[in-house]
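Following: one structure in structure tokens, then a few remarks.
No lab work stands behind these numbers, since they all come straight from the coordinates. These numbers come from a predicted model, not from an experiment. Every residue, glycine as well, gets a Cβ built from its backbone with ideal geometry; the counts of neighbours run over all protein chains shown.
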Amino acid sequence: MSAQIPVPQVGFPKIYQVIRNNLCAACGGCEAICPMQAATVQLYDEANYDKFTPTVAEPSVVKLFSEISREDNYCAHRDCYIDCDACVVCSNCLACQRICPVLDGFPGDDEFDNIIEQKVGKSSLHGQDGAAVTGILKSLFEKGEIDAALSITRNADWETEVVILTNADEVSSVGGTKYTYDPVISKLREALEKYEKIAVVGTPCQAHAASLLRENLTDKIKLVIGLICMESFTYDDMGGNIIPSILGLNIKEVHKLDFAKGKFVALTETSDEPTTVPIKEIAPLARKPCHHCLDYTSYYADISVGSVGSPDGWSTIFVRSQTGKEYLDKVEGMEYHEKPIFMDIVVKLAAQKHKNNAWDFRKFKEDVWAGKEWIPEEHST
């Protein structure tokens, strides 16, 4: 999954190089902000990605693709992957490049330097790792602090869907970690048209995009909750390979997925024993853009939440902005553990992600913002 955008007649938006080089996180930010609705996020065929490199001809109409299956969009008339009759042309307003998390860059080596408070917490609700995010959203809805929240729900087959929650009763539908990806921020356009006090819950790239949108577009985004995240997967890999083939499970029987102690863990309704596989065996199957991500703890969020560093049944909570502190202080029904976060493991995993995914993103930014062509072979590390 990644963005696509018709190419304007005058130059290219700078997200062109993000998409073309397979760095696009598919956060959905460009779709949310594009006034022409020329940027969209679509499903893609990762197995055939190399087959579908962008074709640039007649720039006024050619759509720029990345990680998108193009077979349904093939135009025999021009011998390229476009839709002649329904092409919306980018106006070159460049709004998309102001909110792209990849173009904005990643935190430095110390992604903990903006933490105001850190807590081990859980809510009074039933849910994974203490249901902290669920508890925060539910309480803020009940107190009238938010009137909408963007998050992800799933069905019995673990297929995910981006949803706009509008009341406390709906919050339980998004509980639990999914590990499959959906472009949460793409739904923000609809939310902004209808609601005034919006919370966004997402992975580090999505939290980053939401923060940039708040900075550049709207004050309706009141709270950004970021998830601690090592990587995510396409549904084809998770639902079609990892769960049925590698773990050998019926996906409909799985009720919980988790990363814990170096293993990917699945719990089912038919067994009291977890089914596990070493994370290193499935990590190569993560989405390609995840292998370039250098943000483990959602550095750009107001509040970051995850399980690592806390006891079973509790959540690690990092408050990273004054806004995050103000909203968390308003939340009722949270319990906080007397023991601190075990930061050594959090720092270790963040460093591991930085090492495994290391690339010269600063050189990438320098080249792209200077209008130069970026060549991965020259600048990768």
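Sort Asp237, Asp104, Asp295, Asp312 so that the residue with the fewest other Cβ atoms within 10 Å of its own Cβ comes first and the one with the most comes last.
Asp312, Asp104, Asp237, Asp295
Give a residue-ordered list of calculated ³J(HN,Hα) values for region 25-32 (Karplus: 6.51 cos²θ - 1.76 cosθ + 1.60, θ = phi - 60°; whole Hz; x for Gly, Pro).
With the stated coefficients, region 25-32 comes to 7, 6, 5, x, x, 5, 5, 5 Hz.
What ranking, highest mean first, results for peptides 245-255, 173-183 when packing means the other Cβ atoms within 10 Å averaged over each residue?
Descending mean neighbour count gives 173-183, 245-255.
With 10 angstrom as the radius, rank Glu31, Glu373 by how many other C-beta atoms surround their C-beta, starting from the fewest.
Neighbour counts put them in this order, fewest first: Glu373, Glu31.
Which of the residue pairs Lys197/Lys372; Lys143/Lys187; Lys14/Lys220 have a Cα-Cα distance greater than 30 Å in the structure shown?
Violating the 30 Å limit, Cα to Cα: Lys197/Lys372.
Just add up the charged neighbours of Arg214: K/R +1, D/E -1, any other residue whose Cβ is under 11 Å from the Cβ of Arg214.
With Lys, Arg at +1 and Asp, Glu at -1, the neighbours total -1.
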